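The values are calculated or read from the model by the stated rules, or taken from the named source; none is laboratory data. Keep in mind the model is a prediction, meaning the values are calculated, not measured. We place every Cβ from the backbone using ideal geometry, glycine too, and count neighbours over all the protein chains shown.
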Amino acid sequence: MLLIFFIGMASFIQAQELQARFSVITSKVSTTTDRKVFQTLQTGLTNFLNNRRWTNDIIQPNEKIQCSFLLTIEQDLGNNVYKGKLTVQSARPIYNTTYDSPIVNFLDDNVVFKYIEFQPIEFNENRVQGNDPMVANITAILAYYVNIIIGLDKDSFSPRGGDAYFQKAWNIVNNAPDSRDISGWKSFESLRNRYWLAENLNSSRYALVHDAFYAYYRTGMDLIFENEEAGRTGILNCLNYLNSVNVENPNSMVMQFFFQGKSNEIVKVFSKASSEIKSRAREILIKVDISHTQEYKDLK
């Protein structure tokens, strides 16, 4: 009986944090490479995401973070080097419902990597660069987004709960694979890349963004089922936090990141609100999430 108990405990303790789906799409690229290579890559990266221990937390299987990664390969650059885009998504269950609310919904269009079938898929957070930057880049990118996903998930459950994981993502940025053919890790390359997302999430200038994540989920969405008015108040508080950030830091990367995939959800939340609450929400939303202004105009 003791042996069975300890085996069960070991299995419980080793439960990984993610329930990740990883898919590789190659329909956009014509290549002479045997496409079985991409199936092997898909399997290897799925195992990398789901079998690696990303935290020291003890979690139950039903607490795993639901997330997906879609790698669309667009070019075969030769010599086993590929270029493509990575869509990253994660969601969080809402209390007392069967609904999952999106936390991350982001497209990274700066993915270049080298892969030879059956090569070891490795990542060392203390030596991100690896022996070959082009080989190391794909696992560095995935590890970066895993830490962002875990950090935001923890932010949504406890105030500033994700700080340690945003710092890990920042460490990956600072030690990222370096090659003239690799992009997405440097501040000067773009205003919307991996560098700026991690910088924003670790900067004191954007501290209220973390309060906004907590307010949106824990004091907002989690209350909607039992008390719609209280839930809307929590989400309105979230919008006030974001508005304060936007006044001081207009058009920031993290603001765009927050709203990806949320506009329809937000409109539904406020659709039954009083005219006064609708008006207040609409006034803020059309300032902080310009790309979805048309949807928010329905809140009249």
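For region 234-248, indicate whether the set of residues that are of a type in the set (Phe, Trp, Tyr), touching a Leu at 6+ places or on another chain (Cβ under 9 Å) and over 12 Å from SER101 (Cα atoms) is non-empty.
So far as region 234-248 goes, yes, one or more of its residues are of a type in the set (Phe, Trp, Tyr), touching a Leu at 6+ places or on another chain (Cβ under 9 Å) and over 12 Å from SER101 (Cα atoms).
Residue by residue through region 276-300, note down the ones that are surrounded by 16 or more Cβ atoms within 10 Å (Cβ to Cβ), more than 23 Å from the chain's Cα centre (by Cα) and within 16 Å of ARG232 (Cβ to Cβ).
Step one: list which residues in region 276-300 are surrounded by 16 or more Cβ atoms within 10 Å (Cβ to Cβ), which gives 277-278, 280-282, 284-289, 292, 296, 299.
Of the ones still in play, those that are also more than 23 Å from the chain's Cα centre (by Cα) are 277-278, 280-282, 284, 286-287, 296, 299.
Answer for region 276-300, where residues must be surrounded by 16 or more Cβ atoms within 10 Å (Cβ to Cβ), more than 23 Å from the chain's Cα centre (by Cα) and within 16 Å of ARG232 (Cβ to Cβ): ILE277, LYS278, ARG280, ALA281, ARG282, ILE284, TYR296, LEU299.
Please identify the pairs in which a residue from region 189-206 that is in contact (Cβ under 8 Å) with a residue 40 or more places away in the chain has its Cβ atom under 9 Å from the Cβ atom of a residue that is part of a loop (DSSP other than H, G, I, E, B) and charged (D, E, K, R), counting only partners at least 6 apart or on another chain.
ASN193/LYS186
Quick check: is even one residue across region 140-150 assigned to a loop (DSSP other than H, G, I, E, B) and assigned by TED's automatic domain parsing to the domain that holds THR97?
No, region 140-150 contains no residue that is assigned to a loop (DSSP other than H, G, I, E, B) and assigned by TED's automatic domain parsing to the domain that holds THR97.
Can you tell me which residue is farthest from VAL173 (Cα to Cα) among those in region 83-126 that are in contact (Cβ under 8 Å) with a residue 40 or more places away in the chain and hydroxyl-bearing (Ser, Thr, Tyr)?
For region 83-126, the residue satisfying everything is THR97.
Looking at (1) assigned to a loop (DSSP other than H, G, I, E, B); (2) of a type in the set (Val, Ile, Thr); (3) in contact with a strand residue (DSSP E or B) (Cβ under 6 Å, 6 or more places away or on another chain), can you tell me which one ILE116 breaks?
Just one mismatch for ILE116, condition (3).
Within region 268-300, how many residues are within 18 Å of SER244 (Cα to Cα) and either of a type in the set (Ser, Thr, Tyr) or outside the structural domain of PHE225 (by TED's automatic domain parsing) (or both)?
Looking only at that region, the number is 1.
Within region 247-266, track down each residue that is out of contact with any strand residue (DSSP E or B) (no Cβ under 8 Å at 6 or more places or on another chain) and among the hydrophobic types (A, V, I, L, M, F, W, C).
The answer is VAL247, MET253, VAL254, MET255, PHE258, PHE259, ILE266.
Within region 175-267, considering only helices (runs of 4 or more DSSP H) that don't extend past its boundaries, which have at least 3 residues that are surrounded by fewer than 16 Cβ atoms within 10 Å (Cβ to Cβ)?
Details: elements: 194-202, 207-216, 228-248, 253-259.
So the answer is 228-248.
Within region 134-155, which residues are β-branched (Val, Ile, Thr) and in contact (Cβ under 8 Å) with a residue 24 or more places away in the chain? Spell out the reasoning first.
Going residue by residue through region 134-155, those that are β-branched (Val, Ile, Thr) are 135, 138-139, 141, 146, 148-150.
Of everything in region 134-155, those that are β-branched (Val, Ile, Thr) and in contact (Cβ under 8 Å) with a residue 24 or more places away in the chain turn out to be ILE138, THR139, ILE141, VAL146, ILE148, ILE149, ILE150.
Quick grid of which residues meet (1) outside the structural domain of ASN124 (by TED's automatic domain parsing); (2) farther than 20 Å from ASP109 by Cα; (3) out of contact with any Asp or Glu (no Cβ under 7 Å at 6 or more places or on another chain); (4) charged (D, E, K, R):
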residue	(1), (2), (3), (4)
PRO177	no, no, yes, no
LYS186	no, no, yes, yes
ASP211	yes, yes, yes, yes
TYR216	yes, yes, yes, no
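What is the one condition in (1) over 23 Å from the mean Cα position of the chain (by Cα); (2) crowded, with 17+ Cβ neighbours inside 10 Å that VAL81 does not satisfy?
Result: VAL81 fails condition (2) only.
Would you confirm, using the coordinates I've provided, whether ALA281 is within 18 Å of ALA91 (Cα to Cα), touching a helix residue (DSSP H, G or I) at 6+ places or on another chain (Cβ under 6 Å), touching a residue at least 40 places away in the same chain (Cβ under 8 Å) and part of a helix (DSSP H, G or I)?
no
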